[in-house]
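Here it is, the structure in full.
The values are calculated or read from the model by the stated rules, or taken from the named source; none is laboratory data. All values derive from a computational prediction rather than experimental measurement. Note that we place each Cβ from the backbone using ideal geometry, even for glycine, and neighbour counts take in every protein chain shown. To get the accessible areas, we keep the full protein, side chains included, count just its heavy atoms, and leave off ligands, DNA and RNA. Shrake-Rupley method; radii C 1.70, N 1.55, O 1.52, S 1.80 Å.
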Amino acid sequence: MKPLLDVRGVSKRFGGVTANADITFDVNEGEILGIIGPNGAGKSTLFDLITGFQPMDSGRVQLDGRDITGMRPDRISALGIGRTFQKLKPFSDLTVTENVMVGALAGTADMKLARDQALECLAFVDLLEKRNSFARELSTGQRKRLELARALATRPRLILMDEVTGGVDQRTIPGLVELVLRLKEQGVTVVTIEHNMQVMMRLADRILALHAGRRIAFGAPEEVRAQPAVVDAYLGTVADAS
Amino acid sequence: MQGGTASMLEAAKAEHLWPRPPRWAMAIGAAAAALLLAYPFVFTSSFAHHTMILILLYALMAQSWNVVAGFSGQISLGHAIFFGLGAYSSTVLFAKYGVTPWAGLLVGVLLSAAAAVAIGVPTLRLRGHYFAIATLLIGSSVQIVFQRWEWVGAASGLYVPIERTSPWLYLQFHRSKVPYYYLMLAAAALGYLLVWKLRRSRFGFRLQALRDDHDAAASLGIAVARHKVLTFMISGAMMSVAGTFYGQYVLVLDPERLFSAEISILVLLMTVLGGSGTLWGPALGAAVLIPLSEYSRIWLGGTGRTVDLIIYGVLIVLVCMWRPSGLLSVFEERIRRRRTVS
């Protein structure tokens, strides 16, 4: 089967710093792919390259066989890749419903239909109660849900989620994990960046491990976790403790 | 989905798509509309007419500025360009070729939209202050061009030739200001209707989204640059309409005044005072600042010119202290927030 997303030899340098060096991986339709790596490993940069927010130095990206390398972010979104941002970017002066409507309006110009779709997405992320609040009034965890709802409202085939459980309080993590699993049930393909290894082992069908901009492992979660390079770079302390 | 969520979803979908303003606000609106329609017959002095014509004119100009700043988040300091282009288009065509100002109005709109593209395509990629600086400088340059350009009268400007045969065709009313009043009222009403529709449209939602965050907007499929240029065009066209009416009203075009940075800044002050990004803020700002400047000129004679600016300054400082987002924005947000039925 052809992969939904195919990333080949992607590289990016910022001045003297190599953010991504020759990264290759693919994502199959319907799976959850996890990306792990210590801070500065190049995870968020990789998202920016795939979604067109930064130009890549070399390499190419294909979505369902179509080359999307070098396209503008709005074009890539229109082709079916949604994303969230590590540094959250809510539309602060819009209400929660209005925020998600902006996403739904990617697929329709009918405002009532967009509103109803937005409400459904809000129900999905369990944020319906806050629908008439302004986005700036939400907590960090609620904002993450809002970003997710907004991206989902564009009805993406593939969603890239940057640290859904990062920076939120521990009690809300199980709910967020549950959310991602329900996404998968609905047939959305997910690529998620995650620091929390326990969360990742529960979620991911396959894992891509990065370190200093390079791919150090790629495969089934147990395999990746067992790789010495991964243990050294990222899991050293966890492995020692167990 | 649990039962609770399902019933809440039903309740949410049953809510009005657009929140209703409270009754008292509707009552104020109806009273204001009635007053505006009857105004020339209630207040019959020429001065009262003149002041209200200026308020309506500036309400339209400030709304034009609001479209760019309040919705797409770009601070333009060169909006007088479009005002001047509107006035010159109709006047040059009429004075030199006898073309009716109605056609001149359309030419002005097209020229202003074209100018907005020419200015906007290179400058709208600049963010924040840099766009403001660029438009300020382009505005001064355009003013200098019109002050030197002999064909359009250079620094002494142009007169609209007096034409008494057909007032509505030539847009000149010499006996009374009342027709000008209703023309301006209609123009302003159309402008506000347009913006009211805009705010409830997909395009308007996208503008407000990119105003708050470019990247998030792009990630949802919004072509940010194209939307910004298009908005600048709409805004320039609105400003141009105001320019044509102003030219027909005063019948003298002075490049010093028409293309002045003062006009660009005045529309900014009005909008910020009333609440940028709101529908009625620009009108409120015009309704506060224009009488202030007209009356201070009467009470204080020629020196009133500077006094009104001092009062503007004090007002802006007060608004910044108490209502940094403008007089009306808190009110509008309260309506948008509405009561959540759960």
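Looking at B:F203 and the list (1) free of Cβ contacts under 8 Å to residues at least 60 places away in the same chain; (2) out of contact with any His (no Cβ under 8 Å at 6 or more places or on another chain); (3) open to solvent by 10 Å² or more (accessible area, probe 1.4 Å), which single condition is not satisfied?
Unmet condition: (2).
Residues are listed down the side, and each one gets a yes or a no for (1) open to solvent by 30 Å² or more (accessible area, probe 1.4 Å); (2) at pLDDT 80 or above; (3) outside any helix (DSSP H, G or I):
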| site | (1), (2), (3) |
| --- | --- |
| B:V229 | no, yes, no |
| B:G236 | no, yes, no |
| B:G243 | no, yes, no |
| B:Q248 | no, yes, no |
| B:Y295 | yes, yes, no |
| B:G302 | yes, no, no |
| B:L318 | yes, yes, no |
| B:R339 | yes, no, yes |
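Open to solvent by 10 Å² or more (accessible area, probe 1.4 Å), within 8 Å of chain B (Cβ to nearest Cβ) and in a loop (DSSP other than H, G, I, E, B) - does that describe any residue in the range A:67-78?
yes
Which number in (1) closer than 19 Å to A:G103 by Cα; (2) touching a residue at least 24 places away in the same chain (Cβ under 8 Å) marks the one condition that A:L128 misses?
Unmet condition: (2).
Looking at the range B:256-277, is at least one residue under 30 Å from A:D74 (Cβ atoms), touching a Leu at 6+ places or on another chain (Cβ under 9 Å), open to solvent by less than 20 Å² (accessible area, probe 1.4 Å) and within 14 Å of chain A (Cβ to nearest Cβ)?
Scanning the range B:256-277, I find at least one residue that is under 30 Å from A:D74 (Cβ atoms), touching a Leu at 6+ places or on another chain (Cβ under 9 Å), open to solvent by less than 20 Å² (accessible area, probe 1.4 Å) and within 14 Å of chain A (Cβ to nearest Cβ), so the answer is yes.
Grab the helices (runs of 4 or more DSSP H) fully contained in the range B:1-80, keeping just those with 1 or more residues being among the basic types (K, R) and more than 14 Å from the chain's Cα centre (by Cα). Reasoning before the result, please.
On the way: elements: B:3-14, B:23-42, B:46-66.
It comes to B:3-14, B:23-42.
In the range A:79-88, which residue that is on the phi < 0 side of the Ramachandran plot and touching a residue at least 24 places away in the same chain (Cβ under 8 Å) is farthest from the other protein chains (Cβ to nearest Cβ)? Lay out the reasoning, then the answer.
Step one: of the range A:79-88, the residues on the phi < 0 side of the Ramachandran plot are A:79, A:81-88.
Then keep just the ones that are touching a residue at least 24 places away in the same chain (Cβ under 8 Å); that gives A:81-86, A:88.
Values: A:I81: 9, A:G82: 7, A:R83: 5, A:T84: 8, A:F85: 7, A:Q86: 12, A:L88: 9 Å.
Here the answer is A:Q86.
Provide a single number: the residues in the range B:139-165 that are crowded, with 18+ Cβ neighbours inside 10 Å and either aromatic (F, W, Y) or not in a helix (DSSP H, G or I) (or both).
5
Pairs please, first residue from the range B:160-188 and over 14 Å from B:W102 (Cβ atoms), second anywhere and of a type in the set (V, I, T), Cβ atoms under 7 Å, 6+ apart in sequence or on different chains.
B:K177/B:I53; B:Y180/B:I53; B:Y181/B:I53; B:M184/B:I53
Another question about this same structure. Condition first: surrounded by fewer than 24 Cβ atoms within 10 Å (Cβ to Cβ) and under 24 Å from B:W149 (Cβ atoms). Now tell me which residues in the range B:55-77 satisfy that.
Selection gives B:L77 alone.
Within the set of pairs 6 or more residues apart or between chains, which connect a residue that is more than 7 Å from chain B (Cβ to nearest Cβ) and under 13 Å from B:A11 (Cβ atoms) inside the range A:110-122 to a residue that is open to solvent by less than 10 Å² (accessible area, probe 1.4 Å) and not in a helix (DSSP H, G or I) with Cβ atoms less than 7 Å apart?
Final answer for the pair search is A:L122/A:R131.
Just wondering, is there one or more residues in the range A:90-105 that are of a type in the set (A, V, I, L, M, F, W, C), open to solvent by less than 30 Å² (accessible area, probe 1.4 Å) and over 20 Å from B:L210 (Cβ atoms)?
Checked the range A:90-105: no residue is of a type in the set (A, V, I, L, M, F, W, C), open to solvent by less than 30 Å² (accessible area, probe 1.4 Å) and over 20 Å from B:L210 (Cβ atoms).
Residues that are farther than 30 Å from A:A106 by Cα and in contact with a Ser or Thr (Cβ under 8 Å, 6 or more places away or on another chain): which strands (runs of 3 or more DSSP E) entirely in the range A:144-242 hold 1 or more of them?
Working: elements: A:158-162, A:189-193, A:206-211, A:214-219.
Qualifying strands (runs of 3 or more DSSP E): A:214-219.
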